[in-house]
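What follows is a single structure, written as structure tokens, with notes after it.
The values are calculated or read from the model by the stated rules, or taken from the named source; none is laboratory data. For clarity, every value in this text was computed on a predicted model and none was experimentally measured. Don't worry about glycine lacking a Cβ; one is built from the backbone with ideal geometry, like all the others, and counts go over all protein chains shown. Surface areas here come from the heavy atoms of the whole protein model, side chains and all, with no ligands, DNA or RNA. Shrake-Rupley method; radii C 1.70, N 1.55, O 1.52, S 1.80 Å.
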Amino acid sequence: MTGQVALHQAAALLEAGQAGAAMRLLTGYLASEPDDPYAQCLAARSLLDLDEPGRAFELARRAAARSPAEDWPIRLQTLALVNLHRFDEAQLVARQAVLVNPGSWQTHYLVAFADASSHSATGHSLAAAEQARALAPAEACTHRMAGTIALQLGQRALAVRCFNEALRLDPNDAIAQHELARAHLKQWRIAKSLQGFLAAGRLDPRLGQPAANLHQIMERAVIVLHYATLLAYFLSATAPVGVALAVATVTVAVTAWARARGGPQLLRFAGTLRTRDPLLVVWAGLLGVAAGLLVLRPLLPAGSAASNSPSAADFALTASVVSILAGVIVSWVRRSRLRRR
């Protein structure tokens, strides 16, 4: 096999997602041609796919020294440095790539990517992302990156527009779907965020972030239930108000569940909380008992003024406050355990 044929096959294998096979071909080629910058770049890209950013960086650095007028080796260095969590260096190298090739959308994209990865986005980061969008409007990843930067800068409406455009171009972009759900969550559009996280999980089951965000949503829901139950207890003297508050809370929860259009999957995820976060389940259960007792209390017989024994309504009120206090204790224990992790 000639050298050029080997390089062509390695490039084809990389495009097919077979980085290991590509690297085996390139290792043999580089043994005889160790200073070929194109082969070094192909090998660096293979190593990035194989999660070996240290070796990828060294090969890309050598390729850049051999071909200083090319931006590909510099872009590969940026990706390797980000994977190594050397973000300051990644940002500097990404800007060098723009100087080498300012007309490439990929160089501007990597400036935004390096800034977003280090969570240090600025207006310059957004300008770089917008330049990438302008140069490559048909590339879904450019819109997704602009949305990520906008979300970091607190520009949520712009972020939503960018993610929607990315999904229009590539409806199977699980990361864009996840980021859109995060944007909706920051806008307190709970039903849409639930729907988005579930959709992202369906598109890419390996994506761990949607599960973490579903967990966060459920935690927030329990906190809201906690304060709603407390308020219902303090308003229990005016029975209709307390009942109305409890019914409203349940209605909002059921509506959000229905609009998420992922009830069975969400139910399965909720079931995993028994092992993932058992104290959250206990806390939610105690609040559910308290809320149920407060709803039932007006329907229970009240004691007479002449009777010294507590009535069923009084018992329900006492049991509800015990459940609320137990929930407070469980939440404190849970919080202390999370802090020790």
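Apply 1/(1 + (r/R0)^6) to the Cβ-Cβ distance of Asp35 and Gln187, taking R0 = 45 Å, and write down the FRET efficiency to the nearest 0.05. Provide the component values of the computation, followed by the final result.
Numbers: r = 53 Å, r/R0 = 1.18.
Calculated value: 0.25.
Note the full-extension length gain between Thr318 and Gln216 as 0.36 nm times their separation in residues minus their Cα-Cα distance, in nm to one decimal. Each step should come with its number before you reach the end.
Values: separation 102, 0.36 × 102 = 36.72 nm, distance 3.09 nm.
Contour length minus Cα-Cα distance gives 33.6 nm.
With an 8 Å cut-off on Cα pairs and a minimum separation of 6 or more residues, tell me the relative contact order of region 113-186 in percent. Can you show the working numbers first?
Working: 83 pairs, mean separation 18.6, N = 74.
That works out to 25 percent.
Ordering Asp173, Asp314 from largest to smallest accessible area (1.4 angstrom probe), what's the sequence? Walk me through the numbers on the way to the answer.
Values: Asp173 15, Asp314 70 Å².
Most to least solvent-accessible, the answer reads Asp314, Asp173.
Of all the accessible heavy-atom surface of region 84-193, with the other protein chains kept in place and a 1.4 Å probe, what percent is carbon and sulfur? Display every interim value, and only then the final one.
Numbers: 2700 of 5030 Å².
Here it works out to 54 percent.
Sum up the charges of everything whose Cβ sits under 15 Å from the Cβ of Ala116, counting Lys and Arg as +1 and Asp and Glu as -1, but leave Ala116 out.
Its environment carries a net charge of 0.
Sticking with the crude label model, points 7 Å out along Cα→Cβ, report the distance from Ile329 to Asn172 in nm, one decimal please.
Spacing of the two 7 Å Cα→Cβ label points: 5.3 nm.
Please work out the FRET efficiency for the pair Thr27 and Leu230, using the Cβ-Cβ distance as r and a Förster radius of 56 Å; give the result to the nearest 0.05.
Details: r = 65 Å, r/R0 = 1.16.
The pair Thr27/Leu230 has a calculated efficiency of 0.30.
In nm, to one decimal, how far is the modelled label at Ala138 from the one at Ile223, with both set 7 Å along Cα→Cβ?
About 4.5 nm, to one decimal.
Can you give me the accessible area per residue for region 141-204, using a 1.4 Å probe, in Å²?
Values: 2550 Å² over 64 residues.
It amounts to 40 Å² per residue over region 141-204.
In Å², what does the accessible area per residue of region 1-101 work out to with a 1.4 Å probe? Please report the intermediate quantities before stating the final value.
On the way: 5230 Å² over 101 residues.
I get 52 Å² per residue for region 1-101.
Take Arg62, Arg340, Arg182, Arg335 and sort them by solvent-accessible surface of the protein heavy atoms, 1.4 Å probe, largest at the top. Don't jump to the answer; show the numbers that get you there.
Values: Arg62 100, Arg340 175, Arg182 70, Arg335 120 Å².
So the residues, ranked largest to smallest area, are Arg340, Arg335, Arg62, Arg182.
Roughly how many nanometres apart are two label points built 7 Å out from the Cα toward the Cβ at Ser120 and Asp88?
In this crude spin-label approximation the distance works out to 0.7 nm.
Between Leu296 and Ala157, take the C-beta separation as r, use R0 = 56 Å, and let me know the FRET efficiency to the nearest 0.05.
On the way: r = 44 Å, r/R0 = 0.78.
Once rounded, the FRET efficiency stands at 0.80.
When the solvent-accessible surface of protein heavy atoms is calculated with a 1.4 angstrom probe, in what order do Tyr227, Tyr38, Tyr233 fall, highest first? Let's see the in-between values first.
On the way: Tyr227 145, Tyr38 100, Tyr233 55 Å².
Greatest to least solvent exposure: Tyr227, Tyr38, Tyr233.
Based on alpha-carbon centroids, what's the gap between region 31-73 and region 169-204 in Å, whole number please?
Spelled out, the Cα-based centre of one part sits 35 Å from the other.
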